[in-house]
Structure formats: structure tokens, C-alpha cells
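Okay, structure first, notes after.
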Amino acid sequence: MATGSGPAAGKTGDDTPTVGIVGAGISGLALTHFLEEQGVQTLTFESAARPGGTIQSREIDGRIVELGPQRLRLAGPVKSLLDDLDLTDDLQEGNTNQPLFIYHDEAFRVAPLSIREALTTNLLSWRGKLRVLAEPFTDGPKSGESVEAFLTRKFGREAAHRLFAPLYTGLYGTAADDMLVEYSLGKALERHGIEGSILKAVAPYALKGRDPPPIVTFEEGLERLPAALADRHADSIEFSTP
Ligand SMILES: Cc1cc2nc3c(=O)[nH]c(=O)nc-3n(C[C@H](O)[C@H](O)[C@H](O)COP(=O)(O)OP(=O)(O)OC[C@H]3O[C@@H](n4cnc5c(N)ncnc54)[C@H](O)[C@@H]3O)c2cc1C
């Protein structure tokens, strides 16, 4: 929303357009920050009394408990945001090489994220692994299809249920059969320029091995980041304002 007149533009009383932003979760706060850095006035409306949305850290019995996300990846844009906010020195780095586990058939099993792990994993049967290889011959996302239906059509029922849907569910804190692929996973594929086979697109990375940016958080928990953004832009955020 950009207005040249009305209440939002009235913030400074001149004709400079003010951008209205709905929500002071990390998306709204990051947008507020980047626009303000570029000299654009913003006014952010947050229905809750606190910033951060999904990001909520609590101290319980001397330990930090995250109610939402637990860590950031220190990718380029995140790093420059943390630099801007003088938060880089306070980062706590985690171990990037920890495996991801999926609970299946009464045991925790390592999620196979490399070619070698995919060949040796006991999460999938040989039949399930062979079915994954048929993925390049399947079609892309269809309108109205759930993420779970899409993954099943692409990779077969076994790999979809035991591997891909749990990974997706764990990553987004949601259920793959509740999400429409065109608005969620489909958008992520589009952003990475993946139109045809997912397997063909990710195979070069799987062969090279993973080298993701470090995992980071703060001693007080991840909420430190939205709190710092909200402090920096306190004058342009209205809390308890749906
Ligand atoms: C359990 C869980 C674990 C996760 N783990 C990770 C992780 O480890 N690392 C990671 O990078 N990501 C993780 N994610 C994803 C990440 O948390 C989200 O992508 C991100 O926090 C979403 O931020 P957002 O600002 O888009 O939305 P939200 O955090 O949902 O914020 C939206 C804000 O808008 C406000 N709002 C909504 N409607 C209105 C309205 N009409 N008027 C005013 N205000 C309104 C809400 O009150 C809220 O504050 C996890 C998610 C979940 C659920």
C-alpha cells in the first residue's frame, strides 16, 4: 500500500509516499528495515502487542526454548541485516554437520541428503528408491494439487510419505496435505528456476556434497532479531493495531 495522502502519509505531514506494511513478523520487519534504509517512509501495523510473529523465544528453567524457528542460516542477505543491526558479534554458531532424523517404524533414521546416503539408507526399500528415479518422467505441479499429492506423484508413495513430506512438514511447521503446491513448494521451485525434474536439478549439488551457510542463533534465542529490528524502527511500528 502506498499513499500520498491520508493518515499514513500524514506521519511527517509532507507529500512523500508512505508504504503501509501489515504485520511485524520477520517479513514485515525486514521489509520495514530495507525500505527505511533506502529512504522510503513506512508505517507497519501489527495486531499483536509484540514483534516477531512466529519467532518466539522463552527462558524456562534457565534454558532457551524456541516456540517457533530455532535457527537462521547465515546466508548473505541475513549476514548484511545482522551487520546493519550490530548483532554479528552476539551470534552463536551451531554444528552444520548434524544429521536430520526422521522417525519411521519405531526408529529414528538419518534423512538421506547425499547420493551415498540415498543408496544406503534403510528409510526406503529398494523398490521405493527405484521409484524415485522415475521422477524425471513425471509432470510439474498442477493447479489445486496438495504438496503431498504432488510429492507422491513425483517420487512414489513410499519416498513421499517416509522422506519428502516429513522433510517439508518439519521445515515449514505445517502439513503437506494441507498446503497447495502452487502457493508453497511450487513457488520455491520457481524461485530456483526448476521447471522440469527436481531430481536432475538437485543431483549436481547432491554429488558435490552440501556446503550450506552456518547455522546461527543468539544466546537469548532467535527473538533477539525481530526485537532489534522493532527497536530500530520503533517510530514507524504500531502494535495492537490489526
Ligand atoms: C515450528 C516452526 C519452526 C520453524 N523453524 C524455522 C527455522 O528453524 N528457521 C527458519 O528460517 N524458519 C523456520 N520456520 C519458518 C519461519 O518461522 C517463518 O517463515 C517466518 O517466521 C514467517 O515470518 P512472517 O513474518 O512471514 O510471518 P509471521 O511470523 O506469521 O508474522 C506475521 C505477523 O503478521 C501479524 N498479522 C497478521 N495479520 C495481521 C493483520 N490483519 N493486521 C496486523 N497484523 C497482522 C501477525 O500477528 C504476525 O505478527 C519455522 C516455522 C515454524 C512454524
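The values are calculated or read from the model by the stated rules, or taken from the named source; none is laboratory data. As the structure is a prediction and not an experimental result, all values here were calculated from the model. Because the Cβ atoms are built from the backbone with ideal geometry, glycine has one as well, and the counts that use them run over all protein chains shown. Quick note on the areas: whole protein, heavy atoms, side chains included, nothing else; ligands and nucleic acids left out. Shrake-Rupley method; radii C 1.70, N 1.55, O 1.52, S 1.80 Å.
Here are the numbers:
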quantity	calculated
Beta bridges per DSSP with both ends in the chain, % antiparallel, nearest 5	65 percent
For region 80-95, 3J(HN,Hα) per residue [Karplus equation, 6.51 cos²θ - 1.76 cosθ + 1.60, θ = phi - 60°, Hz, x = Gly/Pro]	5, 5, 5, 4, 4, 8, 6, 9, 4, 5, 8, 6, 10, 9, x, 7
GNM top mover of Ala188, Ala206, Ala111 - the chain, alpha-carbon springs below 10 Å	Ala188
Mean accessible surface per residue for region 101-208, computed with a 1.4 Å probe while every protein chain stays in place, in Å²	63 Å²
For the chain, built as a Gaussian network whose Cα springs stay under 10 Å, the top-fluctuating residue of Lys154, Lys129, Lys187	Lys187
Longest to shortest principal axis, alpha-carbon extents of the chain, angstrom	68, 45, 30
Nearest-20 debye value, region 101-208 charge dipole, Cβ charges on Lys, Arg, Asp, Glu	440 debye
Amide proton proximity set for Ile55, modelled H, under 5 Å, gap of 5+	Ile26
Amide N proximity, region 155-181 versus Glu66 label position 7 Å along Cα-to-Cβ, cut-off under 17 Å	167-174
Rotationally averaged projected area of region 41-89 (alpha carbon convex hull; nm²)	5.3 nm²
Chain lengthening between Glu59 and Leu207 when straightened (0.36 nm per residue, less Cα-Cα)	49.2 nm
Carbon + sulfur, % of accessible area of the chain - ligands and nucleic acids excluded, 1.4 Å	54 percent
Tally of Lys pairs whose C-alpha atoms are under 15 Å apart, taken over region 101-208, 8 or more apart or cross-chain	5
